[in-house]
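Worksheet: one structure, shown below.
The values are calculated or read from the model by the stated rules, or taken from the named source; none is laboratory data. Being a predicted model, the structure only gives us computed values, none of them experimental. Please note: Cβ atoms are built from the backbone with ideal geometry, for glycine as well, and neighbour counts cover all protein chains shown. When the accessible area is computed, the model is the full protein with side chains, heavy atoms only, and any ligands, DNA or RNA have been set aside. Shrake-Rupley method; radii C 1.70, N 1.55, O 1.52, S 1.80 Å.
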Amino acid sequence: MISVTAAAPPISRKAHRLAVGALFFLLGLCFASWASRIPSVQQRMGISEAQLGLVLLALPLGQLLSLPVTGWLVAKEGSRKVVLWGVVLYAAALVGAGWASNLYQLVLCLVVFGVGGNLTNISVNTQAVGVERLYKHKPIMASFHGLWSLAGFVAAAVGSFMIGRAVPPGVHFLLITLLIVAGLAVSAGYTVRQDAGVDPDQPIFVKPDKQLLGLGALAFCALICEGAMFDWSGVYFKKVIQADKAWVGAGYTAFMSTMALGRFGADKLAERLGARRVIQLSGLLTATGLLIAVLLPMLSTALFGFFLVGFGTSAVVPLVYSAAGRSTHMSAGMALTSVSTIGFLGFLLGPPLIGLVAGATSLRVSFALIAVMGLCVSAVASRVRV
């Protein structure tokens, strides 16, 4: 007598989308939880401002170290395996950073945190490309990135709650890690098991073609703008706008709010107008917002300008990643790695570029230079197939 075991029912594309969306949220929660407690870690360990600056370099160092191997791992092992193990590594490094007892331990944990961040960034975006293909290339990438941004607000609120009740960073991060592990356990079974468009005969290491280099240039210009806003918006409101202490962080909040909101609407907009036109408009919005803040340095006008910058930067990177994942030149993981690497250089260069130009001239001049990067986004988008 032959026993027949019923095959497991196929997983719906909605279930895949929810699972990958949950991963984006958990990863955003992990990163922003660390960011919310940096002052607490500095105070607990008695780190000076100069020491903190050097310590914080450990995170991008870990990202840079892992860049050469991440695409290869995703191409060889599949994005599902890499993202699941990457999330565990990311969360474990977060706990380690919270309990570190000296600078050496903290630096080591942040290097590992950077490695985990890069592994998960490439692999979860490859997963998102796979889900997007299930929707017949209907734009949904920006909504995933919107969940990452939304997690930043949740993490900031939780961080404020923990600080207000004097909860040590180690305990805070352990609770976040338990939540991440629980979320991972629920969503892991619904992730995309086979990356879309994988050709076993295609070589893993291929020189990026002109299309991918163009997408990388778009990511580079957009992430210069993002990096500058993340690190310098508060300084701009303090020194140029001369806002009251209670309003110094308002520019950053305005930027982050519209960036998150814009990502949830970017997919519909791209479906109606086309990705290229949305990116062109995004570059113009970024440049316009920055120029308003530069030419009219008052609280109300600067806030309005930063609102526009948030909308302007919201759609570019998700739409660029979506286009990279559709590359026929190399695997989705390697294509995303190529574009992400070029873009990451912009994210690293933006903040120090602001500082150098501001030191030689003024903060207003340096923000005007970042506005030019917004115009570059529009110009490059006109020449690249998105």
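Observations
- Among 101-107, 351-357, the order from most to least packed when residues are scored by Cβ within 10 Å on average: 351-357, 101-107
- Nitroxide proxy distance, nm - points 7 Å out along Cα→Cβ at Leu52 and Trp99: 2.5 nm
- Site pair Arg193 and Gln42 shows an inter-label distance of 4.8 nm when each label is modelled 7 Å from Cα along Cα→Cβ.
- A full extension of the chain between Val154 and Lys239 corresponds to an added length of 27.8 nm, given 0.36 nm per residue minus the alpha carbon distance.
- Listed values (1) 95, 49, 39; (2) 83, 51, 33; (3) 70, 50, 39 include one computed from this model; for Cα extents along the principal axes in Å that value carries the label (2).
- Note on segment 107-256: with neighbouring protein chains present and a 1.4 Å probe, carbon and sulfur make up 67 percent of its accessible heavy-atom surface.
- Label-point separation, Leu349 to Phe264 (7 Å along Cα→Cβ), nm: 3.5 nm
- By average C-beta atoms within 10 angstrom, highest first, the peptides 306-316, 10-20: 306-316, 10-20
- Per residue, the chain exposes an accessible area of 45 Å² to a 1.4 Å probe, with every protein chain left in place.
- Using the average count of surrounding beta-carbon atoms within 10 Å as a protection proxy, the listed peptides 254-263, 173-182 rank, highest first, as 254-263, 173-182.
- Inverse mean reciprocal Cα-Cα distance (Kirkwood Rh) of segment 18-111, Å: 14.5 Å
- Straightening the chain between Leu84 and Leu296 buys 71.6 nm, computed as 0.36 nm per residue apart minus the Cα-Cα spacing.
- Over the chain, DSSP H runs of length four or greater, each weighted -39,500 (n - 2.57), average out per residue to a 222 nm ellipticity of -27500 deg cm²/dmol.
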